[in-house]
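Q: This structure is in structure tokens; I'll ask about it shortly.
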Amino acid sequence: MAYRLGVFADIGLDEPLLDLAIREHHTTTLPRLERLWAYFRNPLTPVANADSAGTPGKSWYRLAQEVGLPSRIVGRAGSAATDDRAQGRREVVIENDIAWRIHTMVDFMFSKPVAILSTARDHETRNRIQRALDAVWESSGGISLFQDLALLAHVFGHVDLVVRADNLAALRPDMPDHELEAALRPGTHDSAPVRVDALEPRRGFAILDPADYRRILAYIVHFDRDLNQSEPTALPSIIDRIRGDSESRRRRRRSTRTEIISARAHHAYDDQRLVQNTDLSWTGGRVPVVHIQNIAQPFHFTGLSEVEPLIPLQDELNTRLSDRASRVTMQSFRMFLAKGFDAGDTLDVRPGQIWMTENHDASITPFGGDAPTPGEESHFLEIREALDKLSGVPPLASGVVRAKIGNLTSSNALRITLMGMLSKTARKRVTYGRGIAEASRLILAALDHSGALRTDEHDRGVRLQWADPLPDDEHEKVLAAEAKVRLGVSRERVITELGYAPTDPGVA
């Protein structure tokens, strides 16, 4: 059964264009995204206990970052007479310096909750909007949703948020506040009238306006998924039927899921069979998808990934670590060359052992043993410092304190030490904050369309109150708040800056 794309004719989306866009995503974009995720995640893959040359191996697994190691380390198949890569696998050492840096960046962004504050003109409207937004964001995942979208954006360079309002019928016009909050916080996630989902870039992509790369005409989600159904792997043969193996050779059935989201409609297909057709008239002519760039890239729809620039240095570090492991293996044990002893191979080398010979020319010469390599250590240090500069994440940001930073006697000294990390985080908060604010506008538009919370466009603005990523000194914060109140700053604003919302219990 073919797609039903008549409702998307106004943006020029037909079946040939849809098939072409999906094929381009799978052949061009997806391999690059998969490689970025592999370098971040560095997953462990179990393999047979044999190396590429067929000889017994030393480990039962392979790591994703091994793809960047040269063939002299990981080995390659081939003939030793014609291919110098046919040597066996050597010691492989992988130190994933990318993952902890990405996690540290995400921690600096969303280690603490973000307050989403309404900028509506009326005080009562402001409170109602904030309670509704808090309910929707919490039912969508809350701080864990923000951490997920930050992780995806840091790895891939961007992430998209979709505002789903598939169950607006559960809301009725002019609901009391307590009933509205209860309806927006359902017992199960799927039954939420309005929710926000993060769209993984490996599964989804945008159809952009040729005249404006920032404008999304439609968003396509396309992926395969396993169903709770089984199917035979192949038609059973006569021998299989005789042996009774025809039912044992089964697998899970897979289905292809395709979603098309535009400003007018949302279609969902399972194996090109339409299973959901939702009208999106509540969006007001906007596609309910918000694009968030990790770091803005001028004149490009996608943002800058934190993983991509670190890959060459990560490969160099893993290569040198593996080389050092091979060298240490060969040189870490001292060996002895014995000359003129009749015992030959029966000599036992151990403490307190006595050797005797009548040969005056006999000798025992030690050799081998690990020797200092200052050039190697300097190279390791330079690689790690290059990773620090390129990522902006020094080891101190993850709690590794080195003597060379001096004594951090105050929070200001810590801020100066982490100036690069804090500046980069502040830069990202611009793009992430804009995306969260736009998603909040779409949430309020859906609630206004249902009549449950009536607002106009001017009252749908929000302001984000970000928490300080560094540890707080509560005493200093309270003293600063008291000073602001004495200077005439409103009590509501001071309470908000302290991290409390006016609607929190116990806040007067």
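Q: Name all residues of the stretch 354-392 having a backbone nitrogen under 14 Å from the label point set 7 Å from the Cα of Ala338 along its Cα→Cβ direction, giving them as ranges.
A: 354-359, 362-366
Q: Tally Lys/Arg at +1 and Asp/Glu at -1 over every other residue whose Cβ is under 12 Å from the Cβ of Leu313; what's the total? Provide the component values of the computation, followed by the final result.
A: Working: positive: Arg101, Arg320, Arg384, Lys389; negative: Glu95, Asp97, Glu308, Asp315, Glu316, Glu382, Glu385, Asp388.
Once all neighbours under 12 Å are counted, the net charge is -4.
Q: Still on this structure: Would you list, by chain and number, the aspartates and glutamates whose Cα falls below 13 Å from the Cα of Lys477, excluding same-chain residues fewer than 8 positions away?
A: Asp468, Glu497
Q: Another one. Can you check what the net charge comes to around Ala325, using other residues whose Cβ is under 9 Å from the Cβ of Ala325 (Lys, Arg +1; Asp, Glu -1)?
A: Overall, the nearby charge balance is +1.
Q: Same structure, new question: Would you mind putting 279-285, 104-110, 93-99 in packing order, based on average other-beta-carbon counts within 10 Å, highest first?
A: Top of the packing list down: 104-110, 93-99, 279-285.
Q: Net charge near Val159, counting Lys/Arg +1 and Asp/Glu -1 over other residues with Cβ under 9 Å of its Cβ?
A: Residues near Val159 contribute -3 overall.
Q: Ranked by Cβ crowding within 10 angstrom, fewest neighbours first, how are Lys389, Lys428, Lys477 ordered?
A: Lowest count first: Lys389, Lys477, Lys428.
Readers should treat all values here as calculations from the given coordinates under stated rules, not as data from a laboratory. Note that the coordinates shown come from a computational prediction; the quantities given were computed from them, not determined experimentally. We place every Cβ from the backbone using ideal geometry, glycine too, and count neighbours over all the protein chains shown.
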